[in-house]
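Novice: Shown below is the structure under consideration.
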Amino acid sequence: MTREVFRNILLVILLLVTPFAVMAQTQISGKVVDAKNNKPIAGENVIIKELQKGTITNDDGEYSIIVPHGTYTILFLSMNYKTVEKRIICNKDKVEVSAALEKSVKQLKEVAVIAKSEARQLRENAMPISVITMDELQGTVSNINDVLAKTSGITIRSTGGVGSASRISVRGLEGKRIGFYIDESPMNENSDFVDINDIPVDLIDRIEIYKGIVPPKFGGSAIGGAVNIVLKEYPPQYMDASYSLQSFNTHKVTGVFKRNKNRIEAGLGGFYTYSDNDYKMRVPKRKEEVTRDHDQYKKFVLGGGVKSYKWWFDEIEIEPAILFSSKEIQGIEEFNIRNAESKSNAFVLTLLADKTNFLMEGLDLDLDNSYSYSVYKLTDTARYRHGWAGEITEAVTDNGIGLGEIGQHPNTVNNKRHVFYQKTNLNYVFDAINSLNFNSSFSYSKGLPSDTLKDAVLGYKTNFKSTMKSWTAGLTHEYNSKNKKLTNAASLKYYYYSMQTRLIELTDINRIPEDIDNTKNDYGLSNAMRYRFIPDFLIKASASYDVRLPSDTELLGDGFIIAPAGNLDPERSTAFNIGAMYDKTNAQLNRVQIEINGFYQYLENMIRFTGGPLQSIYQNFGKMRSLGAEAEVKTDATNWLYLWGNITYQNLRDMRKHEPGSKQKNTTYKDRMPNIPYLFANIGIELHRQNLLGGKGQNTRLFGDCAFVEEYFYDFQQSIYQENRIPQSVTFNAGLEHSLKNQSIFLSLQANNITDERVISEFNRPLPGRNFGVKIRYVWKREK
Amino acid sequence: MIGLLGISLLSCDNDDDAPEVKDEFGDILLSSMLPNPDGVSGSAYMQVINNIDAAEYDNHKALPSSYSVPPIVIGNDIFIVPGWSNQSSTLEKYTWNNGQIENKGEYELPSNSGAVDVVTKGDKAYVSLNFLGKILIINHQTMEKIGELDISEYGVGDNNPDPAIMLVRDKLLYVGLNQMVGGYAPDPARAKVDILIVDTETDQTVKMITDSTSGMSMPTKPEADSKSIFMDENKDIYINCISGFGFLGQKSGFLRIKAGETDFDKSYSFDVTQTNVEGDEFSPAYLLKVQYAGNDKVYATGNINERYSVPEPNYVEDRTVICLEVDLKTKSLKKLNLPGSTNYGMSVGSYKDKMIFGLVTEQDAGFYVYDTKTGEASTTAVLKIAGYPGDFTHFGEKY
């Protein structure tokens, strides 16, 4: 590590530890008792509605929570008692709010719904889960990847700047093994036009990261885990607009508007992102240091929604959305690409509805229906290819068709896709202890690919229409003990999928396609439990025996170079997780959260890409074991200083003993799986103060964080002379957020990768160096 | 934060580790390859060993090589080229000296060159840039560029004739032109074989010769077989034509350019696809790798398309590769008593009177030994190596 890096680190540390005075805050405290017998109620939820912040009562029924000065709604929620809501004004150092609750079974469902919307409740449920509320990180991050990268067990592998493809790895598993959901609706099917990183952070309430086990109610199959982005629920009248300017000519504009009238709400929201991504990079494996100049990215999304509380459903909402994006393709290794670009457009229509006491008392219905039509285009028709040393080569067919800059043939890809998705969720509450949930997720997709120029050059058709149907049904029984110490969720899932497409057999010299039609089914089981020893301490344990269905890409191939693989079986996972969580607010009102988890996963029938002489195919033949641990600490060290940190060690090993169909031992048996980080950590600091610059209703927050990833190998580790390594990286980020007029106006500054560390992803994908951003955001809301 | 810095600093020490001094000696160059779980990328290694006694070798002190193309050995020189993969952009040169291999330098190739072969004529080295339609000429002593030959005008279907494996006979350079269009196979409708002839004194092209009668295409195997064009003791040149890796329904096999000639020998064509194999019910769709052994004998691996699983091939289990003794004169094929292999094991090299086959069989993977004098074949892999067997080269062999 160089002296310059040390100097930069010292600067950052000095900057971060600048002392801050105590901010203007109120300590709300009180006692919650049973109205009938005046006995204290332990484990009661106490939630500040506006802040989405909460705590629980201790064994004596007492609680305390610190909030900034303001006016709030405080909710007392419990499984067995009626909810009590109180409006309080916090303009003093201490406010006492106590409550006497009346017993009621009816409140159970409400509690369940509200509890699920609270980060802490989620963290305390039986599933292994990390929950990040945007309140925690807003101001330090400019996109979701920044948020996820700071979470234990998660690594992000971006391939470039804004708009570039990125892969989320949860405990070492990534890609198709990780589910991506927005408000519990699966987005993996829509990866042509939605990327997890697209969604502006201002629109997000929280991010839930399920590790190893994914609740059946989400639908789909994802054995590695799932990321669920929960969008904000806005007050009835609301406006939120922001603009940010970042390095590399990056502009982001976001807006949300919402009104209500006569129990009908209408909203409109969207965003526009533009970036030139013109950062400097060193071309992998070469000497050239260049500025990326063909990496422009544009995305525009506009969505609306009309929600009614009037009709038969409790809520029914229709949400149309349109998305347009375009991206130039930046050459990295092959050529200095000058012309190739991709575009994707999509139209999405979603209908959501829910009804409590559907058909019978205690049965709740949730419906999620969506249809999307997308068009993905890749245009790569250039006649000339530009090398990194300035050399230009003409690549053209005898007919004058340019062969493009990517691969060996030109492309005029025009892939159209229709996807229909239907999810039905039925939840029946038997009593305060038992509930049963049934979930059905059906997906139908029809692909209509086309690449006329490629076909013209090859002399035959290479893309064929395909259809794929999948249905997942899940049944979950939830048990909550009377004393609320034990929670258990047992689930059973059934999977069905079928695909139809056509394949050109390469051995068929006439190139006549054959019909491919395959159907399969499978099942999965899981159980998760949580036991709370005392209000501040609980343990979790879970196990699952589940599958990940092959994706359409794996099953359908591309009809030519990647052959369809109709016999592909699902990947089978056996996973265990055990964890403990300690969450304590002491008498000095300092909160400490410590969570540790150990995990084990054994993956069989891994789907791997295998190349043949000319044609490739996906096959089942891998086995992998992961064993790891992660720890996370968050603490309000003082009432102006918040510290957090996490560390993850994951040991992923190749467990295939023999070569497929052979007695030959696998050379890499028990070797560390390559190209997956195995040791990484994050730490962060936040200092906050109200009215730092004088005046009223202002709040200032200063953030800093540091991410560490140990060096790892791109290939299996074999030789002491091995060159393909992803170097160790230590990166520092810092941010400043200042809000005015009681959090109506936000101004923020960000500096990422402050020490200008050379960061490489995938061993050959250079990422941006030091970069900056400024942002202004205006929020207006009215609760009525 | 301090804690993290500690981790970082401790780990930084690894960067300063000096490589261990290599202490292996021998006259055999052994290479291996290991695919990554992504199925696209992988790693390859080379090391020297000193005999073919039964042994197992790991890659601990092996040098990284090219995942696409095994080391190209010319005399005592070893060249490493990136091939079709983009895992490297350099041409590296090593020399076998006193039983060890030493790095002699590298040359940075043009972007996405697809360099697949190197041949030398004195200090000059010719490098075929398969993706660019060019032949690069460098001084392989100084590793500096001398010039390049743009041969785009010889492209058929497009302006890149796809120069592949080369051979120097006397003062002429013979270059196999793959003539691929839009992918990794030639136009199925064009069953023709093109060879470009270059004068190595002037570094000017002499002419392109075309065979239109054999029904074959794609002369020389662009990746993995630098011996797919070779010269016998009579200076006759034989060219292994792989016809789109045997997937175009064309004939495949050998064509010949006789000594002193610069045109195809019209009297000679050896179609292996229509030749019965002694000891096997099927004929190969093409020959994967060839090793000339003198006296018209070639030892080769052949691919039997009929042994791919139906309807979907299983590339990691289908043992489609058989070992063959080929007689160029009688145009006959005889299957050797060696087990079938997947496409991950297909190499053949010579060690005195023995042929060494790198195979991935149902029972093991590694290098099998076939004695050309006695006809005895090892029943198991004699040399085992970590990963799949790459090439076997014994320095000093005539062919």
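Novice: Got a sec? Which of A:G43, A:G54 is part of a strand (DSSP E or B) and of a type outside the set (K, R)?
Specialist: Values: A:G43 fails: part of a strand (DSSP E or B).
The match here is A:G54.
Novice: Determine whether the range B:271-284 contains at least one residue that is closer than 21 Å to B:A164 by Cβ and away from chain A (no Cβ under 14 Å). Step through it out loud before you land on a result.
Specialist: So the first thing to find is which residues in the range B:271-284 are closer than 21 Å to B:A164 by Cβ, and the list is B:271-273, B:284.
Narrowing further to those that are away from chain A (no Cβ under 14 Å): B:271-272.
Yes: one or more hits.
Novice: What about A:N411, is it touching a Gly at 6+ places or on another chain (Cβ under 7 Å), closer than 28 Å to A:T553 by Cβ and away from every other protein chain (no Cβ under 14 Å)? Can you show your working first?
Specialist: Values: touching a Gly at 6+ places or on another chain (Cβ under 7 Å): yes; closer than 28 Å to A:T553 by Cβ: yes; away from every other protein chain (no Cβ under 14 Å): no.
So A:N411 does not fit the description; no.
Novice: Of all residues in the range B:359-383 being more than 16 Å from B:K335 (Cα to Cα) and assigned to a strand (DSSP E or B), which is nearest to the other protein chains (Cβ to nearest Cβ)?
Specialist: Restricting attention to the range B:359-383, the residues satisfying the condition of being more than 16 Å from B:K335 (Cα to Cα) are B:360, B:362-367, B:380-383.
After this cut, where a residue has to be assigned to a strand (DSSP E or B) as well, the list is B:360, B:365-367, B:383.
On the way: B:V360: 7, B:A365: 4, B:G366: 8, B:F367: 13, B:L383: 14 Å.
Of everything passing the filter in the range B:359-383, B:A365 is nearest to the other protein chains (Cβ to nearest Cβ).
Novice: What number of residues within the range B:296-319 satisfy the criterion of being at pLDDT below 95 and either within 22 Å of B:K373 (Cα to Cα) or among the hydroxyl-bearing types (S, T, Y) (or both)?
Specialist: Residues flagged as at pLDDT below 95 and either within 22 Å of B:K373 (Cα to Cα) or among the hydroxyl-bearing types (S, T, Y) (or both) within the range B:296-319 amount to 3.
Novice: Given the conditions (1) surrounded by 20 or more Cβ atoms within 10 Å (Cβ to Cβ); (2) in contact with a Leu (Cβ under 7 Å, 6 or more places away or on another chain), report the number of the one that A:G612 does not fulfil.
Specialist: Looking at each condition in turn, A:G612 falls short on (2).
Novice: Out of (1) within 14 Å of chain A (Cβ to nearest Cβ); (2) surrounded by fewer than 24 Cβ atoms within 10 Å (Cβ to Cβ); (3) closer than 30 Å to A:G400 by Cβ, what's the single condition that is false for B:A224?
Specialist: (3)
Novice: If the requirement is being within 14 Å of another protein chain (Cβ to nearest Cβ) and either among the aliphatic types (A, V, I, L, M) or under 30 Å from A:Y373 (Cβ atoms) (or both), which of these qualifies: A:T519, A:T462, A:T467?
Specialist: A:T462
Novice: Can you pull out the residues in the range B:242-297 that are among the basic types (K, R) and either in contact with a Leu (Cβ under 6 Å, 6 or more places away or on another chain) or closer than 24 Å to B:V321 by Cβ (or both)? Steps first, answer last, please.
Specialist: Residues of the range B:242-297 that are among the basic types (K, R), as a first pass: B:251, B:256, B:258, B:266, B:289, B:297.
Across the range B:242-297, the qualifying residues are B:K251, B:K289, B:K297.
Novice: Just name the residue that is nearest to B:S85 (Cα to Cα) out of those in the range B:108-127 that are in a strand (DSSP E or B) and among the small types (G, A, S). Before you say what the answer is, go through the steps one by one.
Specialist: Initial filter on the range B:108-127 (in a strand (DSSP E or B)): B:108, B:115-121, B:124-127.
With the extra rule that they be among the small types (G, A, S), the set shrinks to B:115, B:125.
Values: B:A115: 9, B:A125: 21 Å.
Only one residue tops the list, namely B:A115.
Novice: Among A:R282, A:R263, which is on the phi > 0 side of the Ramachandran plot and of a type in the set (K, R)? Break it down into steps so the answer makes sense when it comes.
Specialist: Details: A:R282 fails: on the phi > 0 side of the Ramachandran plot.
Unique residue meeting the criteria: A:R263.
Novice: Of B:D187, B:D162, B:D194, which residue is in the same structural domain as B:G83 (by TED's automatic domain parsing) and over 22 Å from A:Q615 (Cα atoms)? Reasoning before the result, please.
Specialist: Working: B:D187 fails: over 22 Å from A:Q615 (Cα atoms); B:D162 fails: over 22 Å from A:Q615 (Cα atoms).
Result: B:D194 is the single residue among B:D187, B:D162, B:D194 that is in the same structural domain as B:G83 (by TED's automatic domain parsing) and over 22 Å from A:Q615 (Cα atoms).
Novice: Would you confirm whether or not the range B:157-172 contains a residue that is surrounded by 24 or more Cβ atoms within 10 Å (Cβ to Cβ), in a loop (DSSP other than H, G, I, E, B), out of contact with any helix residue (DSSP H, G or I) (no Cβ under 8 Å at 6 or more places or on another chain) and within 14 Å of chain A (Cβ to nearest Cβ)?
Specialist: Scanning the range B:157-172, I find at least one residue that is surrounded by 24 or more Cβ atoms within 10 Å (Cβ to Cβ), in a loop (DSSP other than H, G, I, E, B), out of contact with any helix residue (DSSP H, G or I) (no Cβ under 8 Å at 6 or more places or on another chain) and within 14 Å of chain A (Cβ to nearest Cβ), so the answer is yes.
Novice: While we're here: When you look at A:G459, is it surrounded by fewer than 20 Cβ atoms within 10 Å (Cβ to Cβ) and closer than 29 Å to A:T381 by Cβ, yes or no? Outline the logic, then answer.
Specialist: Details: surrounded by fewer than 20 Cβ atoms within 10 Å (Cβ to Cβ): yes; closer than 29 Å to A:T381 by Cβ: yes.
For A:G459, the condition - surrounded by fewer than 20 Cβ atoms within 10 Å (Cβ to Cβ) and closer than 29 Å to A:T381 by Cβ - is met.
Novice: Against the conditions (1) within 18 Å of B:I197 (Cα to Cα); (2) surrounded by fewer than 24 Cβ atoms within 10 Å (Cβ to Cβ), where does B:T142 fall short? Just the number, please.
Specialist: (1)
Novice: Return the pair list, or none, for Cβ contacts closer than 7 Å from residues in the range B:197-210 that are without any contact (Cβ under 8 Å) to a residue 40 or more places away in the chain and in a strand (DSSP E or B) to residues that are of a type outside the set (A, V, I, L, M, F, W, C) and surrounded by fewer than 16 Cβ atoms within 10 Å (Cβ to Cβ), at least 6 apart or on different chains.
Specialist: Correct list of pairs: B:D199/B:K171.
Novice: Of everything in the range A:337-369, what is over 27 Å from A:F420 (Cα atoms) and polar (S, T, N, Q)? Give them in sequence order. Before the answer, list the steps.
Specialist: Taking the range A:337-369 first, the residues over 27 Å from A:F420 (Cα atoms) are A:337-341, A:357, A:360-362.
A:N339, A:N357 - these are the residues of the range A:337-369 that are over 27 Å from A:F420 (Cα atoms) and polar (S, T, N, Q).
Novice: Go through the range A:686-730 and count every residue that is in contact with an Asp or Glu (Cβ under 7 Å, 6 or more places away or on another chain), outside any loop (DSSP other than H, G, I, E, B) and within 14 Å of chain B (Cβ to nearest Cβ).
Specialist: 5
Novice: Residues that are more than 14 Å from every other protein chain (Cβ to nearest Cβ) and touching a Phe, Trp or Tyr at 6+ places or on another chain (Cβ under 7 Å): does the range A:664-685 have at least one?
Specialist: no
Novice: Of the residues that sit in the range A:367-387 and are of a type in the set (D, E, K, R) and over 32 Å from the mean Cα position of the chain (by Cα), which one is farthest from the other protein chains (Cβ to nearest Cβ)? Explain how you work it out, then say what you get.
Specialist: We begin by selecting, within the range A:367-387, every residue of a type in the set (D, E, K, R); these are A:368, A:377, A:380, A:383, A:385.
If we keep only those that are over 32 Å from the mean Cα position of the chain (by Cα) too, we end up with A:383, A:385.
Working: A:R383: 9, A:R385: 7 Å.
Checking each candidate, the answer is A:R383.
Novice: Restricting to the range A:619-639, name every residue that is within 14 Å of another protein chain (Cβ to nearest Cβ) and either touching a His at 6+ places or on another chain (Cβ under 9 Å) or among the aliphatic types (A, V, I, L, M) (or both).
Specialist: A:M624, A:A631, A:V633, A:A637 - these are the residues of the range A:619-639 that are within 14 Å of another protein chain (Cβ to nearest Cβ) and either touching a His at 6+ places or on another chain (Cβ under 9 Å) or among the aliphatic types (A, V, I, L, M) (or both).
Novice: If I filter the range B:286-307 for residues that are buried (at least 22 other Cβ atoms within 10 Å of the Cβ) and not in a strand (DSSP E or B), do I get at least one hit?
Specialist: Initially, the range B:286-307 is screened for residues buried (at least 22 other Cβ atoms within 10 Å of the Cβ), giving B:286-291, B:298-303.
From the residues that got through so far, the ones that are not in a strand (DSSP E or B) too are none.
No, there is no match, as no residue in the range B:286-307 is buried (at least 22 other Cβ atoms within 10 Å of the Cβ) and not in a strand (DSSP E or B).
Novice: If we only count strands (runs of 3 or more DSSP E) wholly inside the range A:188-258, which ones have 1 or more residues that are among the charged types (D, E, K, R), assigned by TED's automatic domain parsing to the domain that holds A:L747 and over 30 Å from A:N427 (Cα atoms)?
Specialist: Correct list: A:237-246.
Novice: Same structure, new question: Could you list all residues from the range A:388-406 that are surrounded by fewer than 21 Cβ atoms within 10 Å (Cβ to Cβ) and either facing chain B (nearest Cβ under 8 Å) or over 30 Å from A:D552 (Cα atoms) (or both)?
Specialist: A:A389, A:G390, A:E391, A:I392, A:E394, A:V396, A:D398, A:N399, A:G400, A:I401, A:G402
Novice: Return yes when B:K334 is more than 14 Å from chain A (Cβ to nearest Cβ) and assigned to a strand (DSSP E or B) and no when it is not.
Specialist: Yes: the conditions hold for B:K334.
Novice: Also, I was wondering about something else. Of the residues B:N276, B:N234, B:N240, which single one is crowded, with 22+ Cβ neighbours inside 10 Å and at pLDDT 95 or above? Don't jump to the end; show me each part of the working.
Specialist: Working: B:N276 fails: crowded, with 22+ Cβ neighbours inside 10 Å; B:N234 fails: crowded, with 22+ Cβ neighbours inside 10 Å.
Of B:N276, B:N234, B:N240, the one residue that is crowded, with 22+ Cβ neighbours inside 10 Å and at pLDDT 95 or above is B:N240.
To keep it simple, each residue is scored yes or no on (1) assigned by TED's automatic domain parsing to the domain that holds A:Y444; (2) in contact (Cβ under 8 Å) with a residue 40 or more places away in the chain; (3) assigned to a strand (DSSP E or B).
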site	(1), (2), (3)
A:S370	yes, yes, yes
A:Y373	yes, yes, yes
A:G390	yes, no, no
A:I406	yes, yes, no
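Novice: Just give me the residues in the range A:476-504 being crowded, with 19+ Cβ neighbours inside 10 Å and at pLDDT below 80, in sequence order.
Specialist: Correct list: A:T501, A:L503, A:I504.
Novice: So which of B:G122, B:G105, B:G99 is without any contact (Cβ under 8 Å) to a residue 12 or more places away in the chain, more than 13 Å from the chain's Cα centre (by Cα) and surrounded by fewer than 24 Cβ atoms within 10 Å (Cβ to Cβ)? Before you say what the answer is, go through the steps one by one.
Specialist: Working: B:G105 fails: without any contact (Cβ under 8 Å) to a residue 12 or more places away in the chain; B:G99 fails: without any contact (Cβ under 8 Å) to a residue 12 or more places away in the chain.
Exactly one residue qualifies, and that residue is B:G122.
The values are calculated or read from the model by the stated rules, or taken from the named source; none is laboratory data. These numbers come from a predicted model, not from an experiment. Virtual Cβ from ideal backbone geometry, glycine too; neighbours counted across all protein chains shown.
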